[in-house]
Amino acid sequence: MRKMTLLLACIGMISLQSCSVNETPATQVVTNNNQFLATTYEYNASFTTTNNFSTLLTFPKPIYSSDMVLVYRLAGSVNGSDLWKLLPETYYMNDGSLDFRYDFDFTKYDVSVYMVGYDLPGVSTAYRLNQVIRVVIIPSNFGKQMSTTLDYHNYEAVSKAFHIDETTIRKVK
């Protein structure tokens, strides 16, 4: 009889394991009125022979390793509006060969922005000195949901989709 009871208990436990449970994620995405928000930091950077044409931009606090990081460079203005270009950003010579490019990599603590090219000291100072860099950090789950519908090259579209308020962008020194 004990063996029969034990067998029935095991069968009951196996059948109960197929029930589903809604689990709450360990981390919550910051929202404002159920709208996803991105965190944006702004830095000033210069690319010179002294810093090997690279700069390390440290986050005020670490991000999650799963977060999506977008890096933009202020490339000028058009009709009074800022023109932001998504990195990597490449410039070519008249013959179509690479002149130079901006690129980046990141960790959960910082972003390294650097220039790559054949004659970086010869690149105009307008492209090397006093560059304004914006780093947009997007919660990973939301970034994945938007990845097929959002043009990340268009800073204005990203700003609108992630409700980036220009007055709340943190300028980091």
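The values are calculated or read from the model by the stated rules, or taken from the named source; none is laboratory data. Bear in mind the structure is a predicted one, so any value in this text is a computation, not a measurement. With ideal geometry, Cβ positions are generated from the backbone for all residues, glycine too; neighbour counts draw on all protein chains shown.
For Thr90, only one of the following conditions fails: (1) over 18 Å from Ser124 (Cα atoms); (2) of a type outside the set (Asp, Glu); (3) touching a Lys or Arg at 6+ places or on another chain (Cβ under 8 Å). What is its number?
Evaluating Thr90 over (1) over 18 Å from Ser124 (Cα atoms); (2) of a type outside the set (Asp, Glu); (3) touching a Lys or Arg at 6+ places or on another chain (Cβ under 8 Å) leaves (1) as the failure.
Which condition does Thr50 not pass, out of (1) without any contact (Cβ under 8 Å) to a residue 12 or more places away in the chain; (2) surrounded by 13 or more Cβ atoms within 10 Å (Cβ to Cβ), if it passes all the others?
It fails just one condition, (2).
Answer with yes or no whether Ser66 is loosely packed, with under 15 Cβ neighbours inside 10 Å and touching a residue at least 60 places away in the same chain (Cβ under 8 Å). Even if it seems obvious, please write down each step before you answer.
Details: loosely packed, with under 15 Cβ neighbours inside 10 Å: yes; touching a residue at least 60 places away in the same chain (Cβ under 8 Å): yes.
Yes, satisfied.
Looking only at segment 117-143, which residues are of a type in the set (Gly, Ala, Ser) and part of a strand (DSSP E or B)? Show your work before the answer.
In the first step, residues of segment 117-143 are kept if they are of a type in the set (Gly, Ala, Ser); the result is 117, 122, 124, 126, 140, 143.
Within segment 117-143, Gly117 is the sole residue that qualifies.
Test Phe104 against the stated conditions and say whether it is among the aromatic types (Phe, Trp, Tyr) and touching a Gly at 6+ places or on another chain (Cβ under 8 Å). Full working, then the answer.
On the way: among the aromatic types (Phe, Trp, Tyr): yes; touching a Gly at 6+ places or on another chain (Cβ under 8 Å): no.
When the stated conditions are applied, Phe104 does not pass them.
Test of understanding: among Asp95, Asp105, which residue is among the acidic types (Asp, Glu) and more than 18 Å from Thr39 (Cα to Cα)? Break it down stepwise before answering.
Details: Asp105 fails: more than 18 Å from Thr39 (Cα to Cα).
Checking each option against the conditions leaves just Asp95.
Find the residue count for segment 117-137, including only residues that are surrounded by 14 or more Cβ atoms within 10 Å (Cβ to Cβ) and aromatic (Phe, Trp, Tyr).
Initial filter on segment 117-137 (surrounded by 14 or more Cβ atoms within 10 Å (Cβ to Cβ)): 117, 120, 123, 127-128, 131-137.
If we keep only those that are aromatic (Phe, Trp, Tyr) as well, we get 127.
Residues flagged as surrounded by 14 or more Cβ atoms within 10 Å (Cβ to Cβ) and aromatic (Phe, Trp, Tyr) within segment 117-137 amount to 1.
So for segment 138-161 (the condition being over 14 Å from the mean Cα position of the chain (by Cα), within 20 Å of Asn44 (Cβ to Cβ) and either surrounded by fewer than 17 Cβ atoms within 10 Å (Cβ to Cβ) or hydrophobic (A, V, I, L, M, F, W, C) (or both)), does at least one residue qualify?
No, every residue in segment 138-161 fails to be over 14 Å from the mean Cα position of the chain (by Cα), within 20 Å of Asn44 (Cβ to Cβ) and either surrounded by fewer than 17 Cβ atoms within 10 Å (Cβ to Cβ) or hydrophobic (A, V, I, L, M, F, W, C) (or both).
For Met115, which of the numbered conditions (1) of a type outside the set (Gly, Ala, Ser); (2) farther than 18 Å from Tyr72 by Cβ; (3) over 16 Å from the mean Cα position of the chain (by Cα); (4) modelled with pLDDT of 95 or more fails to hold?
(2) is the only condition that Met115 fails.
Of the residues that sit in segment 82-92 and are exposed (fewer than 15 other Cβ atoms within 10 Å of the Cβ) and without any contact (Cβ under 8 Å) to a residue 24 or more places away in the chain, which one is nearest to the chain's Cα centre (by Cα)?
Within segment 82-92, the match that is nearest to the chain's Cα centre (by Cα) is Pro88.
Across segment 93-116, which residue is surrounded by the most Cβ atoms within 10 Å (Cβ to Cβ) among those that are hydrophobic (A, V, I, L, M, F, W, C) and in a strand (DSSP E or B)?
The first filter runs over segment 93-116 and keeps only residues hydrophobic (A, V, I, L, M, F, W, C), leaving 93, 98, 100, 104, 106, 111, 113, 115-116.
Restricting the remaining residues to those that are in a strand (DSSP E or B) gives 98, 100, 104, 106, 111, 113, 115-116.
Working: Leu98: 12, Phe100: 22, Phe104: 20, Phe106: 17, Val111: 22, Val113: 25, Met115: 21, Val116: 14.
Filtering first and then ranking leaves Val113.
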